[in-house]
Every structure is written in structure tokens, then in C-alpha cells.
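To keep things clear, I will list the structure first and then write my remarks on it.
The values are calculated or read from the model by the stated rules, or taken from the named source; none is laboratory data. All of these numbers come straight from a predicted model, not from anything done at the bench. Because the Cβ atoms are built from the backbone with ideal geometry, glycine has one as well, and the counts that use them run over all protein chains shown.
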Amino acid sequence: MNCLLWIVVFLRKESCADCAKCIKIITIKMDRKLILVIGSSNTDMSVKSVHLPRPGETVLGDGFRMGQGGKGANQAVAARKLDGAVAFVCKVGNDVFGKNAVGHYSECGIDTSHILYSDKPSGVALITVDDNAENAIVVASGANADITVNDIDGMADLIRSAGILLLQLEIPVAAVTRAASIAREAGVMVVLNPAPAAELPEELLKCVDVLIPNEAEASALTGIDIENEEDAAKAADALKSEGVGSVIITMGSSGSFVSGKDSFKVPARKVKAVDTVAAGDTFCGALCVALAEGMSLADSVEFATAASSISVQRHGAQESVPSREEVKALMSRNLQ
């Protein structure tokens with residue numbers, strides 16, 4: 001069934017079992033700016049342990065969990081669960097992990113019609129979480145590493161149709177750079193979460209409207225050790241001198257340092273964290289939802305901070321992301 005028929009069915013207010021999800025997606029896209037996420041898809045396999053293993057050490061663990069992950073997928077699901085209109089582009093293998101992942105994203109209400117397939121296996125991540133909610137992650141990229149510049153060129157029209165393009169670094173930097181360049185030329189807002197940390201070309205940084213590194217990533221990009229707000233300000237200034245529009249440095253329990261037209265600190269919410277695996281991804285997805293709805297940068301960071309504060313109180317990656325209603329309820333309680 002093609003897109004024209006979907007629209008005709010929607011306008012006639014008719015539906016069938018095959019069209020229900022399509023109509024839902026069309027309704028969302030007509031109401032809000034599309035958030036296009038291009039990034040990684042992994043199957044996460046996590047184990048809880050007393051402490052993270054040292055080199056050569058075997059640690060007994062329990063609480064094994066398996067679910068969907070990958071920074072791109074986590075951020076796409078976060079944006080969708082928080083009521084954003086989301087399309088997701090990734091590359092998966094022709095295996096059970098890839099099939100299950102695409103089915104899951106579709107069930108979440110994400111547009112999966114542009115997902116790509118590879119002869120390589122789907123990506124997997126092995127995660128250990130200790131009693132202090134710290135984690136260690138090893139990722140086998142698989143099909144994620146197979147996204148090419150030609151793949152990106154083939155979806156140029158999709159990129160140009162978005163309101164916000166959200167990117168990360170678990171796919172090749174060349175593909176990320178090309179996607180950002182297409183978006184920039186079309187006037188699409190580019191949001192980049194530079195994780196995992198990597199050296200970035202000047203061409204990419206000049207295309208970024210909002211950069212969201214954590215302390216370690218900002219340090220890797222600038223060579224500035226970040227121990228306080230003053231250090232964060234210096235790092236943000238250095239990144240903006242490279243062409244970045246605004247910088248949000250997330251600093252864990254210390255909150256976030258924001259440098260846009262003005263610079264300010266947004267404090268973290270005081271909660272007891274049990275698992276921080278998807279906190280940053282929840283923050284990024286939430287921020288894009290808020291920006292897509294026209295919120296200011298300051299209000300968007302407040303919204304993202306509230307969403308991530310809920311996620312760290314739950315185990316898992318995508319399953320830890322709160323709903324829009326939960327975030328609204330948390331923020332409204334603070335206004336009373």
C-alpha cells in the first residue's frame with residue numbers, strides 16, 4: 001500500500017487492520033515536526049554484578065536481561081515515547097536480532113520504512129551494571145558499521161523533509177557527516193550526540209546546531225579537563241569556535257551546562273539512580289521532542305532533565321524511558 005492510498009484512507013476516515021499503524025504515523029506527522037534519527041540499532045544483553053570486573057577477573061552476576069538498544073534506537077524510542085513524530089534509519093542484519101528490532105520499533109509507532117539491511121550480523125552490546133548503577137559496555141557493531149555515504153545520499157529527500165535530524169557516533173563518521181551536511185543545506189536543525197567519543201571533522205562540527213556531549217566527550221573534543229562550570233564554559237566556547245551553534249554538556253549528578261546565546265546551568269534532579277544505561281539517550285530524545293514543539297533551549301533542557309531523571313530510576317535501556325504523561329506529572333509537581 002503506497003503513501004497516496006494511506007492519505008486517501010485517512011481523509012475518508014476509513015481504516016483496516018493493515019492501515020491502522022500507517023494512519024497513526026500520518027496523523028502524528030501532520031501535527032508535529034518530524035524528528036529523523038539516523039544511528040545504531042543493537043540488541044542489549046545486560047547483567048547486574050556487585051562491581052565491574054577488572055582485567056582478567058571473573059565476576060558472578062545475576063538479573064540477565066535482553067532487549068533492544070543502540071544509541072540511535074534508544075534516542076528514537078525515547079523521542080517517540082515522549083510523543084514525538086519519529087522516523088528511524090539504521091542498518092540491521094538479515095537475522096533474528098534484526099527482525100525483532102524492526103518489529104519492536106514499528107510497534108512503538110516509529111516510521112521504520114527507511115531501515116536498511118546488511119549481510120553482516122545485527123549489532124549487539126554486552127552490558128555490565130554494578131551496585132552503584134555504573135556500567136561498562138562492549139559493542140559489536142556488525143551492520144551498524146555498514147552504513148555508507150551512498151546509503152545517506154539515497155535518503156536525501158527524507159533528511160530534507162525532517163524538522164530535526166538527530167545523530168550519534170555508533171555508525172561511521174563519514175555517514176554522519178554526509179547526513180548533517182544534507183540537513184544543513186536544507187535548513188534542517190542538526191542535533192549531534194558525539195558518543196562514543198571520537199575525533200570529528202571540522203566539516204561536521206560546522207553543520208551542528210546543538211551538540212550534546214557529556215564531560216568526557218567534551219574533554220576528548222577540546223582537550224580541556226572538565227571539573228567544574230568554568231571548565232565547561234571554556235570547552236563550550238572552544239566547540240562553538242569550531243562552528244557549533246549551541247552546546248549542552250551533561251555532567252551527571254551536577255546537571256548540565258548550556259551555552260547558546262546565553263550560558264547557564266541546569267541542575268540535575270535529586271533521585272536515587274539504579275541504572276544509567278539510557279540516561280543520556282533519554283535526554284537527547286526528550287530534548288529533540290521539546291525543540292520540535294518550539295520550546296526554548298532552556299525549557300527543552302529542563303524537559304530533558306526531568307525525563308532522564310525518571311529513566312535512571314529504572315533498569316534497562318528503552319524500557320526505562322518514561323512516557324510524556326510521567327514527565328508532565330513530575331514537572332507539574334515542582335510548580336505546585
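Every listed requirement among (1) touching a strand residue (DSSP E or B) at 6+ places or on another chain (Cβ under 8 Å); (2) closer than 18 Å to Leu82 by Cβ is met by Ile310 save one, (1).
Restricting the first residue to the stretch 280-308 and requiring it to be farther than 24 Å from Glu134 by Cα, which pairs with a second residue that is aromatic (Phe, Trp, Tyr) and part of a helix (DSSP H, G or I) meet a Cβ separation below 6 Å and a spacing of at least six or different chains? Taking only residues 6 or more apart or on different chains, the pairs are Ala290/Phe303. Highlighted here are the strands (runs of 3 or more DSSP E) found entirely within the stretch 1-108 that include at least 3 residues which are modelled with pLDDT under 95: 42-49, 61-69.
Within the stretch 112-123, identify whether any single residue is within 25 Å of Gln313 (Cα to Cα), crowded, with 16+ Cβ neighbours inside 10 Å and not aromatic (Phe, Trp, Tyr), and answer yes or no. The answer is no; no qualifying residue exists.
When each of Val289, Val277 is tested for being surrounded by 23 or more Cβ atoms within 10 Å (Cβ to Cβ), aliphatic (A, V, I, L, M) and more than 12 Å from Ala79 (Cα to Cα), the lone residue that passes is Val277. Take the residues of the stretch 272-286 that are small (Gly, Ala, Ser) and assigned to a helix (DSSP H, G or I): which is nearest to Ala87 (Cα to Cα)? Among them, the one singled out is Gly285.
If the requirement is being at pLDDT below 95, surrounded by fewer than 20 Cβ atoms within 10 Å (Cβ to Cβ) and not in a loop (DSSP other than H, G, I, E, B), which of these qualifies: Arg269, Arg333? Working first, answer last.
Numbers: Arg269 fails: not in a loop (DSSP other than H, G, I, E, B).
Of the residues listed, the single one that is at pLDDT below 95, surrounded by fewer than 20 Cβ atoms within 10 Å (Cβ to Cβ) and not in a loop (DSSP other than H, G, I, E, B) is Arg333.
Ala197 meets the conditions (1) at pLDDT below 95; (2) closer than 19 Å to Val266 by Cα in every case but one. The failed one is (2).
Any residue at all in the stretch 259-267 that's among the β-branched types (Val, Ile, Thr), in contact (Cβ under 8 Å) with a residue 40 or more places away in the chain and under 25 Å from Glu230 (Cβ atoms)?
Let us first name the residues in the stretch 259-267 that are among the β-branched types (Val, Ile, Thr), namely 266.
Now restrict to residues that are in contact (Cβ under 8 Å) with a residue 40 or more places away in the chain: none.
Checked against the condition, which is being among the β-branched types (Val, Ile, Thr), in contact (Cβ under 8 Å) with a residue 40 or more places away in the chain and under 25 Å from Glu230 (Cβ atoms), the stretch 259-267 yields no hits at all.
Being acidic (Asp, Glu) and not in a helix (DSSP H, G or I) is the filter here; which residues of the stretch 287-315 pass it?
Residue satisfying the conditions is Glu293 alone.
Within the stretch 109-132, restricting attention to residues that are among the charged types (D, E, K, R) and not in a strand (DSSP E or B), the residue that is farthest from Asp157 (Cα to Cα) is Asp131.
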